[in-house]
Amino acid sequence: ITIFVGQLPKLAGFSTDGTTPASGGPSLCNIDAILFAGHRNVPLSAEQRRDLVAALKDRGVGFVSLFIGTLPNTDWPEMHNILGAGNAASDVHDPFGGASTFINERPDSPFTRHLPRVWDLANGAVYHPDAYTRANIDVLLRKDLSKLAPVADYTRTDGDYPVAWTKMYGKAKVFVSTIGNNEA
C-alpha cells in the first residue's frame, strides 16, 4: 500500500485513470491513500479539485483526515462532503476544556479495537464538528458530554459530539479524527 503524506497541490493535476504515470513524483495514479492535514483553505485549482474527487470517488483512493483537516474550508464546500461533516460556525475549538472522556462506539472496528470502551484522555482537546448526520457517518468515538454543562452554540440538542468516524465517498473509504494536540 502506498500512502502519500504531503501537500495535495503537489499531487493533484495528474490523470486519475490509474495508468498514466507521473513525471516527477507521486501522483493520484499510484497511491492508495492520502493522509490529509490541510489547514483551512488548501489552495487547489479547479483541475486539482476534479482530480482529487475522481481519485476518491472513481478509483477509491483512501482519505485519512487528521484533526486539523476539519478546519473551515470555506472556498471549497465539497471538502465537507468528503469528510462527512463541516465545522462549528462559532469556533472549531473544543469549548469544554482540554480533558476529554471518549466513548468507543465501535470496539469491533480496526480503528478503535485497541482502545478501551471508555477512554479518559487528559489534554484530549478535539475540534468541534458540525453539519453532519449519523446517517452519513459511522461514528467510532464520541466525546462524552453527560457530565459537562451545556455550552451555547456547541451543544446540540441531541448531545452528540463525534470525534472519530468513517464514511464512504464514492469508492473511497474516509477516516476522520478530530482528536489532536496530544501524543496519546
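The values are calculated or read from the model by the stated rules, or taken from the named source; none is laboratory data. Fair warning: this is a prediction, and the values are worked out from it, not measured in the lab. Heads up, the Cβs are rebuilt from the backbone with ideal geometry, glycines too, and the neighbour counts pull from every protein chain shown. What goes into the accessible areas is simple: the full protein's heavy atoms, side chains included, and nothing from ligands, DNA or RNA. Shrake-Rupley method; radii C 1.70, N 1.55, O 1.52, S 1.80 Å.
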- request: Of the numbered conditions (1) closer than 19 Å to F67 by Cα; (2) modelled with pLDDT of 80 or more, S146 fails exactly one; give the number of that condition.
  value: (1)
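Evaluate the following for S65: is it buried (at least 17 other Cβ atoms within 10 Å of the Cβ), touching a Lys or Arg at 6+ places or on another chain (Cβ under 8 Å) and at pLDDT 85 or above?
Working: buried (at least 17 other Cβ atoms within 10 Å of the Cβ): yes; touching a Lys or Arg at 6+ places or on another chain (Cβ under 8 Å): no; at pLDDT 85 or above: yes.
Here the answer is no, as S65 does not meet what is asked.
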Residues of the range 39-62 that turn out to be open to solvent by 10 Å² or more (accessible area, probe 1.4 Å), more than 23 Å from L140 (Cα to Cα) and not in a loop (DSSP other than H, G, I, E, B), as a count: 10
- request: Read through the list (1) in contact with a His (Cβ under 9 Å, 6 or more places away or on another chain); (2) in contact (Cβ under 8 Å) with a residue 60 or more places away in the chain; (3) not β-branched (V, I, T), then give the number of the only condition that K171 fails.
  value: (1)
message: Suppose we filter the range 125-141 for residues that are open to solvent by 70 Å² or more (accessible area, probe 1.4 Å) and either over 17 Å from K173 (Cβ atoms) or modelled with pLDDT under 90 (or both); how many remain?
response: 3
task: Working only within the range 80-105, note down all residues that are of a type in the set (A, V, I, L, M), at pLDDT 90 or above and over 23 Å from V118 (Cα atoms).
output: I82, L83
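Taking D120 as the residue in question, decide whether it is assigned to a strand (DSSP E or B) and surrounded by fewer than 16 Cβ atoms within 10 Å (Cβ to Cβ). Show your work before the answer.
Values: assigned to a strand (DSSP E or B): yes; surrounded by fewer than 16 Cβ atoms within 10 Å (Cβ to Cβ): yes.
Considered against the rule, which asks whether it is assigned to a strand (DSSP E or B) and surrounded by fewer than 16 Cβ atoms within 10 Å (Cβ to Cβ), D120 comes out as yes.
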